[in-house]
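Please read the structure below before turning to the comments.
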Amino acid sequence: MAMNVTQKLIQSHLLKGQMIAGKEIALKIDQTLCQDATGTLVMLELEAMGVKRVKTEISAQYVDHNLIQEDFKNADDHLFLESAAQRFGVWFSRPGNGVSHPVHMQNFGKPGKTLLGSDSHTCAAGCLGMLAMGAGGLEVAMAMAGQPFYVTMPKVFGIKLTGKMPEWVSAKDVILEMLRRYNVKGGVNCVLEYYGPGLKNLTAMDRHVIANMGAELGATGSVFPSDKITYQFLLSQERAQDWIELVADKGAKYDIKADINLSELEPLIALPSSPGKVVPVREVIGREVYQAYIGSSANPGYRDFAIAALMVKGQRIPVGVSFDINPASRNELEELANEGLLSVLIRSGARIHQAGCNGCIGMGQAPATGRNSLRTVPRNFPGRSGTREDSVYLCSPEVATASALKGVITDPRQLGIPYPKVKYPRKKMLNRELLTAPLPLEKALAVKLVKGPNIASLPLLAPLPNEFTLPVLLKMGDNISTDEIMPAGARVLPFRSNIPKISEFSFDIIDESYFKRATDIVGKTGHMVVGGENYGQGSSREHAALAPRYLGLRVVLTKSFARIHWQNLVNFGILPVTFANPADYQKISQGDVLQFWDLHNKLKTGNKLQAVITEKNITIPLLHQLSSRQVEVLLDGGLINWVKKHSTL
């Protein structure tokens with residue numbers, strides 16, 4: 001049977017289950033990726049499970065999110081992660097080496113392999129012909145311990161690309177066009193696979209830009225074939241031996257199909273505060289700009305910075321505009337310096353930041369209150385920038401730079417200058433000095449974990465009771481992101497290794513009273529929350545499940561869930577259920593008390609549950625999508641409890 005690239009990748013790694021869309025399958029994981037905002041819990045989970053050494057082909061730990069060292073907490077955690085990488089046999093990327101996704105692509109990505117990362121943008125590695133997926137840290141820890149990764153078999157959404165991008169249009173506009181068409185739920189339970197003659201006009205890093213933001217469509221992953229362009233990229237990294245050809249068979253079919261003619265695209269922009277609110281730039285020109293931001297994992301390539309430098313050459317950024325340059329890797333920064341483009345940016349008035357995630361995750365570069373920020377980052381959820389009432393737009397480097405020069409949102413086609421021609425360095429900068437290889441086993445076993453005072457042990461979680469009587473502490477709308485459930489930024493992320501402390505920030509972007517109200521009833525009844533469609537979209541951070549669970553959250557009832565957060569809820573013993581009839585959402589109010597009963601039997605024997613709103617005497621029929629394995633995990637109180645009970649690692 002003719003297969004597409006996604007099917008080939010899944011078939012070659014399938015350990016359990018059948019390749020039937022909607023059914024749970026188990027996959028062998030070849031590589032894992034962690035970043036510091038989530039990796040601290042991963043390492044603590046490996047310790048809690050008694051793992052001696054990782055069993056993957058390659059596992060890497062990056063320090064890219066929490067780079068600001070305003071006190072001891074981040075610095076201590078960097079030392080903890082370095083010691084844990086040595087202890088468990090993991091590659092370690094030091095602070096300042098760059099963002100995990102492009103650095104992993106350059107150094108470790110291999111066509112035909114699977115990659116699981118504790119970061120939702122791990123899907124970026126699909127640009128090399130990998131099956132790369134984001135997951136909660138506990139899922140990644142399990143994969144590092146040699147266990148299968150369980151996921152719902154996705155549909156394959158084939159996007160045929162034709163034509164060639166016109167001047168002033170770049171890869172960012174391709175993925176923004178996907179978001180314009182399909183919004184933030186358009187890729188849920190799908191792998192987005194790109195194919196067609198237009199591929200020959202996309203570089204490997206162009207493909208990275210597109211694959212990276214597949215996460216914003218809710219996709220399980222994004223996949224490109226491994227072809228001659230992939231080979232040329234690996235050759236430039238002195239890794240030609242890692243290349244294999246991996247393309248769709250002639251006659252391969254797709255569950256869903258779309259066509260994009262690259263020649264017909266124009267500059268696009270996502271309005272505040274959702275990646276799905278995409279319009280042509282020409283519709284919003286003239287809005288005042290406070291900040292223009294170039295970089296992040298979504299636009300990490302040399303050309304993204306080079307084209308900005310060429311656009312501002314000989315010009316000055318006007319007073320009142322902050323032009324922020326956020327290098328995605330130290331190698332790219334060195335190349336810009338060697339080619340003289342870094343000095344061009346500096347002379348224009350640009351602010352140069354260290355290589356890392358930085359402003360993308362709200363760690364610095366937060367915009368002023370009530371001012372517009374144009375960013376090449378992947379997300380613009382409310383408050384993610386570090387400013388609570390932020391106004392963040394997503395766009396290409398061309399749009400961001402043109403707007404910085406003019407001080408207002410500008411269509412770069414109206415600048416009246418020739419489109420800059422980026423000349424790539426003849427030889428790539430391959431500085432791998434800040435990557436530390438794993439220690440041999442005998443030396444690794446002697447390493448002691450370095451734990452500062454901010455690192456707390458993981459809380460113990462109780463099994464799922466058979467009956468619940470739970471107050472609804474929050475009722476929320478559609479598309480609630482994990483940035484709203486558990487904020488990022490400099491005020492919160494330093495506590496990522498301290499669950500009791502970080503729990504104080506749970507839901508505070510939505511309701512600052514949640515923490516107090518939850519702690520008032522901890523140990524009494526527990527509580528539940530209600531949401532709308534696509535609940536838990538965005539970041540894979542498991543803190544958005546674990547911290548509310550620590551505060552007594554036991555049930556989340558919604559119209560629908562985003563994949564990774566749904567898995568994280570189960571992994572920490574929180575029951576995720578949906579309305580059998582979405583209209584019943586209107587019957588529940590914040591403050592209502594719901595009663596659940598006979599949960600153990602109902603979870604084991606079907607997918608239907610019921611809850612009664614006690615004071616209203618209204619019965620609400622509910623559904624769950626848990627596999628039999630997930631039911632066991634939930635009943636045991638979470639994945640760590642289940643592992644201790646059922647597995648030998």
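Summarised as an ellipsoid, the stretch 99-191 has semi-axes of 27, 17, 12 Å, derived from the eigenvalues of the Cα gyration tensor scaled by 5 and square-rooted, with the largest first. Summing charges over neighbours of Glu512, with a neighbour being any other residue whose Cβ is under 15 Å away from its Cβ, gives -2 when K and R count +1 and D and E count -1.
Only one residue of Met165, Leu15, Tyr150 has its Cα farthest out toward the positive end of the dipole of the chain, where Lys and Arg carry +1 and Asp and Glu -1 on Cβ, and that residue is Leu15.
Shown in residue order for the stretch 241-246 are the 3J(HN,Hα) couplings computed by the Karplus curve 6.51 cos²θ - 1.76 cosθ + 1.60 at θ = phi - 60°: 5, 7, 7, 9, 7, 8 Hz (x for Gly and Pro). For the chain, the longest principal axis of the alpha carbon atoms and the long axis of helix 171-182 meet at an angle near 40°.
The loop-placed trypsin sites (Lys or Arg not before Pro) in the stretch 515-602, going by DSSP, that have at most 15 neighbouring Cβ atoms within 10 Å of their Cβ come out as Lys524.
Considering Cα pairs under 8 angstrom that are at least six residues apart, work out the relative contact order of the chain and quote it in whole percent. Reported relative contact order: 14 percent.
Whole-Hz Karplus values for the stretch 361-367 come out as 10, x, 9, x, 6, 5, x Hz, taken residue by residue from phi with 6.51 cos²θ - 1.76 cosθ + 1.60 and θ = phi - 60°; glycine and proline positions read x. In the stretch 320-477, Cα pairs under 8 Å separated by at least six residues give a relative contact order of 17 percent.
With Cα atoms defining each centre, the stretch 53-78 and the stretch 574-623 are spaced 40 Å apart in the structure. Across the stretch 111-251, the relative contact order, built from alpha-carbon pairs under 8 Å that are at least six residues apart, equals 31 percent. Measuring between their Cα centroids, the stretch 487-547 and the stretch 629-648 lie 23 Å from each other. Take the Kirkwood radius over Cα pairs of the stretch 434-509, plug it into Stokes-Einstein at 25 °C and 0.890 mPa s, and you get 147 µm²/s for translational diffusion.
A simple count of charges around Val169, restricted to other residues whose Cβ falls under 10 Å of its Cβ and scoring Lys, Arg +1 and Asp, Glu -1, yields -3. One compactness figure for the stretch 370-518 is 1.59, namely its Cα radius of gyration divided by 2.2 N^0.38 Å. Of the two radii for the stretch 106-153, the radius of gyration is 0.95 times the Kirkwood radius, both from the alpha carbons; that is the Rg over Rh value. Scanning residues 5 or more positions from Ile269 or on other chains, those with amide H under 5 Å from its amide H are Val279, Val281, with H placed 1.01 Å from N in the peptide plane. Separation of the stretch 348-425 and the stretch 80-104 by C-alpha centroid, Å? Their Cα centres are 28 Å away from one another.
Calculated translational diffusion coefficient of the stretch 156-271 (25 °C, 0.890 mPa s; Stokes-Einstein with Kirkwood radius over alpha-carbon pairs) equals 168 µm²/s. Along its three principal directions, the equivalent ellipsoid of the stretch 311-420 from the Cα gyration tensor extends over semi-axes of 22, 18, 12 Å, largest first.
Which one of Leu474, Pro500, Pro438 has its Cα pushed farthest toward the positive end of the charge dipole of the stretch 428-515, where Lys and Arg give +1 and Asp and Glu give -1 at the Cβ? Positive-end residue among those listed: Pro438.
Per residue of the chain, the DSSP helices (runs of n ≥ 4 H) give a summed -39500 (n - 2.57) that works out to -8000 deg cm²/dmol at 222 nm. Over the Cα atoms of the chain, each weighted equally, I'd like the Debye log10 I(q)/I(0) at q = 0.07, 0.08, 0.10, 0.11 Å⁻¹, rounded to two decimals. Ignoring solvent entirely, the Cα scatterers give -0.41, -0.54, -0.87, -1.07.
Dipole magnitude for the stretch 1-140: about 820 debye, using +1 per Lys or Arg Cβ and -1 per Asp or Glu Cβ, origin at the Cα centre. Here the dipole of the stretch 570-649 is about 240 debye; that uses its Cα centre as origin and unit charges on the Cβ of Lys and Arg (positive) and Asp and Glu (negative). Per residue, the convex hull spanned by the alpha carbons of the stretch 512-649 comes to 123 Å³. Basic side chains Lys and Arg get +1 at the Cβ, acidic Asp and Glu get -1 at the Cβ, and with that the dipole of the chain about its Cα centre reaches some 780 debye.
State the answer as a single residue: which of Leu33, Asn4, Tyr62 lies farthest towards the positive end of the charge dipole of the chain, with beta carbon charges of +1 for Lys and Arg and -1 for Asp and Glu, about the Cα centre. With unit charges placed on the Cβ atoms, the residue in question is Asn4.
For the pair Glu245 and Ser513, a Förster radius of 51 Å applied to the C-beta separation gives a FRET efficiency near 0.35, rounded to the nearest 0.05.
Laboratory data are not the source of any read-out in this text; all were calculated from the coordinates shown. Only a predicted model underlies this, so the values are computations on that prediction, with no experimental measurement involved. Please note: Cβ atoms are built from the backbone with ideal geometry, for glycine as well, and neighbour counts cover all protein chains shown.
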